[in-house]
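The values are calculated or read from the model by the stated rules, or taken from the named source; none is laboratory data. Quantities reported herein were computed from a predicted structural model and do not represent experimental measurements. Because the Cβ atoms are built from the backbone with ideal geometry, glycine has one as well, and the counts that use them run over all protein chains shown.
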Amino acid sequence: MLSTFYPLLAHTWGGVVIAVAVGAIGWALLAWGRRSASPHTGLAKLFGWVVCAASALLLVGAVVSVIALMRLGSQHPPPGERVDVGGYRMHILAEGDSRGGPTVIWIPGAHAQGLALHHLHVAIRDGTRSVLFDRPGTGWSDPGPFPRRTATEADELATLLERAGEHGPFVLAGHSYGGLLAANFARRYPERTAAVVLLDASPPDAFIYAPVYGAGALEQLVRDGEREGLAKLSARWSDPEPAMAESDTEIGRILRLQNELLADVKPAMDANRRRPATSFAHASIFREFGAGTVTAEVPDIVVYDGELGDLPVLVVIPDEDPAAIIDPLGLDEKAAARAKNFFRRARVRYLEVSTDTRLIHTPPGTGHNYPYETPGFVVEVVRGLLAELRAGE
């Protein structure tokens with residue numbers, strides 16, 4: 001299984017190692033062909049030369065990739081600090097003054113780099129302390145250990161904040177899959193958490209039923225990450241976003257919004273996305289949803305009812321039909337109707353994780369990606385929560 005080799009492939013120089021290993025196989029075949037008296041030596045030599053030629057091509061691509069990534073790295077240095085968290089470094093950007101109140105930690109969706117919510121960070125940093133960070137494998141952070149898991153990343157975030165001198169208490173604001181990480185951090189470190197803002201967070205029940213409702217889509221996410229990672233190692237990767245925008249009008253609309261809101265940091269984000277670590281970390285984290293994995297690891301993934309005690313939790317969701325989530329799964333009509341009902345109801349399950357939860361609906365017409373559709377609304381929700389927390393001290 002390719003996932004066994006993620007720790008090697010995630011490194012920039014992983015392609016060089018692969019090329020050398022392939023070349024060694026080719027030379028071994030040539031050596032055997034020269035020494036052996038077997039009638040198949042001619043075929044072995046021919047195959048050996050083919051393998052050596054393939055190795056040379058791989059090596060050229062790998063070297064080109066390494067040089068290109070080094071050049072991009074020098075052009076786009078990290079805006080924050082890279083902190084050792086136990087043999088590998090994570091990147092953190094902390095700005096603003098907490099003014100005696102909590103510090104806000106922004107966690108973007110999927111397994112994106114911290115800059116994906118830079119527009120919200122910029123909007124709030126003048127009134128409080130605001131933090132962006134890169135999960136291992138993303139942005140300017142090292143690949144870190146594999147497999148990537150939400151439980152691991154919650155502990156890594158806690159270590160990062162402590163070693164960076166950020167002592168909190170913290171308001172964790174997480175979008176989509178980042179909301180799951182926010183809730184997990186709060187469960188593990190309640191003494192360091194002031195509140196949680198779940199921006200249409202991935203529902204806890206979704207991880208139990210994901211192998212049923214989303215198996216095909218999840219497997220595709222893993223395959224896409226692996227394919228892109230291998231292409232990056234050999235300098236054959238091209239950005240898929242233009243094609244995605246052209247094939248799907250909704251994706252195109254969201255990408256245009258992101259490009260406008262993040263224009264100042266988009267070149268650095270694009271440079272970081274060229275790292276193979278980004279793709280293999282992406283593939284690894286979504287293996288967390290796999291039919292075999294989720295059964296063993298669901299206790300660490302799910303935040304159960306009541307587990308956050310009386311911690312303030314804002315559940316901020318769009319009042320929309322989840323068709324955009326369900327339709328791409330390729331289910332038949334009956335299964336799709338049931339899945340839509342499941343996701344509609346699962347979205348509000350986070351209301352049960354604490355005795356102090358509040359449901360907030362986003363403005364009409366907005367969807368799952370409302371942090372880009374209506375960023376001002378998100379900022380006002382967080383500012384309002386900060387004001388309440390300060391008033392209650």
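Here the condition is being within 30 Å of LEU2 (Cα to Cα), at pLDDT 95 or above, surrounded by 24 or more Cβ atoms within 10 Å (Cβ to Cβ) and among the charged types (D, E, K, R); of ARG89, ARG135, it holds for ARG135 alone.
In a residue-by-residue description of the stretch 304-319, the property of being assigned by TED's automatic domain parsing to the domain that holds GLU226, in contact with a His (Cβ under 7 Å, 6 or more places away or on another chain) and modelled with pLDDT under 85 applies to at least one position.
Between GLU320, GLU260, the distinction of being over 18 Å from ASN184 (Cβ atoms), surrounded by 13 or more Cβ atoms within 10 Å (Cβ to Cβ), charged (D, E, K, R) and free of Cβ contacts under 8 Å to residues at least 60 places away in the same chain belongs to GLU320 only. Among the residues of this structure, GLU162 does not count as one that is out of contact with any helix residue (DSSP H, G or I) (no Cβ under 7 Å at 6 or more places or on another chain), among the acidic types (Asp, Glu) and touching a residue at least 24 places away in the same chain (Cβ under 8 Å). Of all the numbered requirements in (1) modelled with pLDDT of 95 or more; (2) surrounded by fewer than 19 Cβ atoms within 10 Å (Cβ to Cβ), HIS118 misses one, and that requirement is (2).
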